[in-house]
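A.B. asks: Before anything else, here's the structure in question.
What follows draws every value from the coordinates through simple rules; no lab data is involved. These numbers come from a predicted model, not from an experiment. Note that each Cβ is placed from the backbone with ideal geometry, even for glycine, and that neighbours are counted across all protein chains shown.
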Amino acid sequence: TSLPSPDYSPQDPASGIPESHSALRAEIHLEQPELDAVAENSLETKNGAELPFLLDFDTLPRVVCEVRDDFSSPLPIVESDLSSSTTTSPSQNQRIRGNFLKGCKWSPDGLCALTNSEDNCLRVFEVPARFLNHSGQEPQSGESEQSICPLKSVLNMKEAETVFDFCWYPLMNSRSPETCCLASSCRDHPIHVWDAFTGKIRATYRAYDNADEITSAFSLAFTRNGKKLFAGYKHSIRVFDTERAGRDSELRKTISKSMQGIRGIISTIAFTVEESNYYALGGYAGKACIYSEHNGKVELTFKSKEHRPGITQIQFTPDSTYLLCGGRKSSEILMWDVRAAREPVASFHRSCTTNQRLSFDIDTTGRYLITGSDDQSVLVYDMSSPEEKPDPVCTLSSHKDCVNGVSFHPYAPIFATTSGQRKFALPLPTDQLRGANEMNDSDSDDDFPDEISEENSLFVWKISTTSPTNEFCDSEILETLNKV
């Protein structure tokens, strides 16, 4: 591997790996060798290859796993006497906000999911192997078909400040502990590479400004081969060699002297799936550009009035032919053809009325697009539709709050979603206060509601499948998935 080695011996699983990390410990003991073959097959499908099944959204997906307790936290409200002649400033009236999630990502080997939340904590969750089976395996004894399996985090990694971005090492495989790591960036701190077994920091990558002070990365992305780590900053990106932790990096300006490119904060980075020499950047300036990895020059520019408030996510389709862009305060996800970048070829509607980052994802085959929405719904689109503005093929409404994170599993017919948003305690309307005081027959100083409803949860959804109609299906892959 090209990453710094872990501080424990892979041949000695008891030398620092937590006992609670059961599934990954089992991988070191090689008790489930089939999972390694499944992971290898999943890497082959990342280039848009066929899966041994077809996703069927005619039947609504159902929730099979959920996480609530790990993210639930009280939302205390500090009472304030607004009847006083002195105006209370927001700093004096300390309203403590509750915890909420900020996204989720499946590990490249598909055995666990990673979440980020407002409490600056990265959590790893393991999904039972029976849910990775596409053949509709029967529930275990004592479980009904509609029962929901509760999950608990097996690993927590606490950052000191707000987490800006996080990503898995692309070659991560639980059978090789040295590859099991992830990167995160947070405010006023260097980039951290965490060990996914122990939860300890394995390496740091630092960038400094003109005053020789550490500057924070706003976005992160590994190259497909894992040899380099790209980090987005203001007006520039830095390229770190994963073999050399520290401050050594290559600085690349994202705006040229002729004003081509992206100025301001680089909020998202994406690489083409196949090993080409191009990468895409998006920024809060409302533009997305494709750059050459050889010389860092701008090759293509994508700009639309729809994303003027800022682009928060970009992603290539598995064949690298199309680039999808989503933005804050934007109700459309735009799909651009990189071969003709004059106008978007399609747009997919979602509700996004705030600056919160709402993510989307594309399935392994490149056919389906899934996106969160701040109207509490999950939308699934068929990108093979010839319509310029297609209707969703599936709308899910099990969440009770804004859906901010979605992620397709790399090879199994499941996907994960996360919900939650920042909420503030606002004073009750005057008529409600008057009515409450009359009912209590007393002068109440409580001008704020007693509770604020919130849902901060992680859901894992099971998708119905059908048999493929062609002969491309590999019987060995099908048999391996059935063994899981």
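A.B. asks: In whole Å, what is the distance between the alpha-carbon centres of the range 230-302 and the range 367-427?
C.D. replies: 28 Å
A.B. asks: Viscosity 0.692 mPa s, temperature 37 °C: Stokes-Einstein D of the range 290-413 from its Kirkwood Cα radius, in µm² per second?
C.D. replies: Translational D for this selection: 219 µm²/s.
A.B. asks: Now a separate question. Work out, step by step, the length gained on full extension between Glu293 and Val393: first 0.36 nm times the residue separation, then minus their alpha carbon distance; give nm to one decimal.
C.D. replies: 32.3 nm
A.B. asks: Another question, then. On full extension of the chain, what length is gained from Thr223 through Asp56, given 0.36 nm per residue of separation minus the C-alpha to C-alpha distance?
C.D. replies: 56.9 nm
A.B. asks: What shape does the range 138-285 have by the C-alpha gyration tensor, where a ≥ b ≥ c are the square roots of the eigenvalues, rounded means a/c under 1.5, and otherwise prolate means a/b greater than b/c and oblate the rest? Present the calculation step by step, with values, prior to reporting the outcome.
C.D. replies: On the way: a/c = 2.06, a/b = 1.80, b/c = 1.14.
In terms of gyration-tensor shape, prolate.
A.B. asks: Under a point spin-label approximation (7 Å from Cα along Cα-to-Cβ), what is the Thr321-Ile201 distance to one decimal in nm?
C.D. replies: 4.5 nm
A.B. asks: Could you tell me whether the range 286-335 comes out rounded, prolate or oblate from its Cα gyration tensor? Rule is a ≥ b ≥ c as square roots of the eigenvalues, rounded for a/c under 1.5, then prolate if a/b exceeds b/c, otherwise oblate.
C.D. replies: On the way: a/c = 2.62, a/b = 1.51, b/c = 1.73.
Since a/c reaches 1.5 but b/c is at least a/b, the shape of the range 286-335 is classed as oblate.
A.B. asks: Can you pull out the trypsin sites (Lys or Arg not before Pro) in the range 323-372 that DSSP calls coil and that have at most 10 other Cβ atoms within 10 Å? Kindly include the intermediate steps, with their values, before the conclusion.
C.D. replies: Values: sites: Arg328, Lys329, Arg339, Arg342, Arg350, Arg357, Arg367; in loops: Arg328, Lys329, Arg339, Arg342, Arg350, Arg357, Arg367.
Those that pass, being in a loop and sparsely packed, are Arg339, Arg342.
A.B. asks: Hey, how many Å between the Cα centroid of the range 334-350 and the Cα centroid of the range 144-219?
C.D. replies: Cα centroid of the range 334-350 versus Cα centroid of the range 144-219: 32 Å apart.
A.B. asks: Would you please put 210-218, 458-466, 157-165, 108-116 in order of how densely packed they are, using the mean number of other Cβ atoms within 10 angstrom per residue and starting with the highest?
C.D. replies: 108-116, 458-466, 157-165, 210-218
A.B. asks: May I pose another question? If Lys and Arg each add +1 and Asp and Glu each add -1, what is the summed charge of the other residues whose beta carbon sits under 13 Å from the beta carbon of Gln376? The partial results should precede the final answer.
C.D. replies: Values: positive: Arg350, Lys400; negative: Asp374, Asp375, Asp401, Glu454, Glu455.
So the surrounding residues net to -3.
A.B. asks: Is the range 226-281 best put as rounded, prolate or oblate by its Cα gyration tensor, with a ≥ b ≥ c the root eigenvalues, rounded for a/c under 1.5, and otherwise prolate when a/b is larger than b/c, oblate when not?
C.D. replies: oblate
A.B. asks: Cα atoms only, the range 345-393: Rg and Dmax in Å?
C.D. replies: Using the Cα atoms of the range 345-393, the pair Rg, Dmax is 11.0, 31 Å.
A.B. asks: Still on this model: Using the Cβ atoms and a cut-off under 9 Å, what net charge is assigned to the surroundings of Ala207, where Lys and Arg are +1 and Asp and Glu are -1?
C.D. replies: That sum, taken over residues with Cβ under 9 Å, equals +2.
A.B. asks: Spelling out what I want: for every residue of the range 221-227, take phi, set θ = phi - 60°, compute 6.51 cos²θ - 1.76 cosθ + 1.60 (Karplus), and round to whole Hz; glycine and proline get x.
C.D. replies: 6, 7, 5, 4, 8, x, 7
A.B. asks: Name the residues whose placed amide hydrogens come within less than 5 Å of the amide hydrogen of Cys181, ignoring near sequence neighbours (fewer than 5 apart) on the same chain.
C.D. replies: Distant-sequence amide H within range of Cys181: Tyr169, Ala196.
A.B. asks: Around Arg244, what is the net charge, scoring Lys/Arg as +1 and Asp/Glu as -1 over all other residues with Cβ under 14 Å from its Cβ?
C.D. replies: On the way: positive: Arg202, Arg206, Lys227, Lys228, Arg238, Arg247; negative: Asp241, Glu243, Asp248, Glu250.
After counting each charged neighbour, the total is +2.
A.B. asks: Here is a follow-up. Which lysines have a Cα less than 18 Å from the Cα of Lys200, not counting those fewer than 8 places away in the same chain?
C.D. replies: Partners within reach: Lys158.
A.B. asks: What FRET efficiency do you get for Glu250 and Arg187 if R0 is 22 Å and r is their Cβ-Cβ distance, rounded to the nearest 0.05?
C.D. replies: Given R0 = 22 Å and the Cβ-Cβ separation, E is 0.40.
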